[in-house]
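Presented below is the structure to which this report refers.
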Amino acid sequence: MKFKYLLYPDNWSEIAAEVKQEALWRCQKCGLKCIAPGENTSHLTRSERMAYTLQVHHWNRNPADNRKSNLVALCSACHLFYHQGGKSNVSPGLGKPSLRLATLTTKMDNPCILAARS
């Protein structure tokens, strides 16, 4: 699927940065600590940098709907998982960041952590 920039508002970069900052640069599904702006990534491979990149997902898959309640910060693996699986919502009932963080899976069971390590 091609990324369609025309569907996003002109200030998308600022909106996405705010969502990521509010998530403290952690995936709101698996809890993976992702790369924050200015962080030294010289020790990471390109693959690792991609795995630790935080992205913003639209719950309803409508890039024009940028209400905070429709946006969630996800690592690359979790974001890809939800798009490949055809799922719109990250997880039922996880509308508030505090609830999302309270329901994170353990790192040992986390498919995102395992994907980032391989």
State whether one or more residues within segment 74-85 are assigned to a helix (DSSP H, G or I), surrounded by 13 or more Cβ atoms within 10 Å (Cβ to Cβ) and modelled with pLDDT under 80. no
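Against the condition surrounded by 13 or more Cβ atoms within 10 Å (Cβ to Cβ) and either under 18 Å from C34 (Cβ atoms) or modelled with pLDDT of 90 or more (or both), how does N89 come out, does it pass? Before you say what the answer is, go through the steps one by one.
Values: surrounded by 13 or more Cβ atoms within 10 Å (Cβ to Cβ): yes; either under 18 Å from C34 (Cβ atoms) or modelled with pLDDT of 90 or more (or both): no.
Taking the combined requirement at face value, the residue does not satisfy it.
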Restricted to segment 1-16 and to residues being in contact (Cβ under 8 Å) with a residue 12 or more places away in the chain and in a helix (DSSP H, G or I), the residue surrounded by the fewest Cβ atoms within 10 Å (Cβ to Cβ) is L7
All but one of (1) part of a loop (DSSP other than H, G, I, E, B); (2) of a type in the set (K, R); (3) modelled with pLDDT of 95 or more hold for K107; which doesn't? (3)
Going through segment 45-71 in order, the residues found to be of a type in the set (A, V, I, L, M), more than 14 Å from C34 (Cα to Cα) and either at pLDDT 95 or above or surrounded by 20 or more Cβ atoms within 10 Å (Cβ to Cβ) (or both) are L71
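Given the condition part of a helix (DSSP H, G or I), touching a helix residue (DSSP H, G or I) at 6+ places or on another chain (Cβ under 7 Å) and surrounded by 13 or more Cβ atoms within 10 Å (Cβ to Cβ), answer yes or no: does some residue in segment 23-36 qualify?
no
The values are calculated or read from the model by the stated rules, or taken from the named source; none is laboratory data. This structure is a prediction, so every number in the text was calculated from the model and none was measured. So basically every Cβ, Gly included, is an ideal-geometry build from the backbone, and we count neighbours across all protein chains shown.
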